[in-house]
Amino acid sequence: MSRLSSIALSTALIGAGALAWAVAGRPLLANPDLDTPLNALGINRSPYGEVLAMALQGPIDTFFDAGVSGGAPEPKDAADPPPAATPRTLNARFETLLISFDKALAARTNPKVGSDAMKRHLRRQAEDKLRFAYQLDPAHYGNYNSLHFFLTEPELGTRPQLTAAAAKLAEDTIQYCLKQDHDPRPALTAAAAATNILELMFNDQHNATPKYDTTQMRQCLNLIDHCLARYDEVAQQWDQSKQWNLLSPQRVAECEERRQFITKIRDTQNQTLLHLEHNHLAPQASN
């Protein structure tokens, strides 16, 4: 076989393979069951993913603040005296240089406030980063609650979502967090997600035909109690194993503040539920 014939045959085979792939691959691309999020190197929901999720807090805050405020530059006080000249090591000067680069990256020099389109673009950037951070670590308390806030607040979110989408996010978060038995903090995230679901149930009562009744709401409240009890159980294990000592005092205090905050929300929701249950039983008692 001549060289020209060999090239022609190879080209024909490649073309036939590409055609077969296009025909057979179309049904696969159209199958929603196969539309899964990318998880390169298995980093999502791994210890590395948890670290990256925490590292994304800074960029997310930057885009969120700029998307809400419009990114107006902060005024500089010219009356501030220059810092005292003190000898610094080479490492200290290099660290200062890196910090200045980081600030310059997010600094806005335009004296005019950003347009509505720019604000929306920045909020979209914050929302995209939140979704990415959530996939990295669904148990991260701040990332989950911020993403839920974006889904349920139309003035912030850039992709209108139905209540079902926010409820599905909360349910997935609860299922994932309650499987984590080595750390008490995911239980707090699960408890927060359960309070969000109960809040959605309360809002549903304003509809003409509510989908949820007080029995389902009471079950959700019991789920909150279960999550808080789970946190207390694993936290006590950490007390015994001295795991809390591996965290900074700020992180430990943060967990306690979140525990108290969720408890206050739970108690308020319980009062609301008792009121609904009373109103539900009142017409039956009158009959």
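Values quoted throughout were computed directly from the atomic coordinates according to the rules given, and no laboratory measurement underlies them. Keep in mind that this is a model prediction, so the values were computed, not measured. Positions of Cβ are generated from backbone atoms using ideal geometry, with glycine treated the same way; all protein chains shown enter the neighbour counts.
How about segment 162-262: which chymotrypsin sites (Phe, Trp or Tyr not before Pro) there lie in a loop by DSSP and see at most 13 other Cβ atoms within 10 Å?
Filter output for segment 162-262: empty list.
Nearest 20 debye, what's the magnitude of the dipole of segment 162-287 about its Cα centre given +1 on Lys and Arg Cβ and -1 on Asp and Glu Cβ?
On the way: 12 positive and 16 negative charges, 25 e Å.
Dipole magnitude for segment 162-287 comes out near 120 debye.
For segment 162-287, what is the convex hull volume of its Cα atoms per residue in Å³?
108 Å³
Filter the trypsin sites (Lys or Arg not before Pro) in segment 209-287 down to the DSSP loop ones having no more than 13 other Cβ atoms within 10 Å, then list what survives. Could the numbers behind the result be given before it?
Values: sites: LYS211, ARG218, ARG230, LYS242, ARG251, ARG258, ARG259, LYS264, ARG266; in loops: LYS211, LYS242.
Answer in residue order: LYS211, LYS242.
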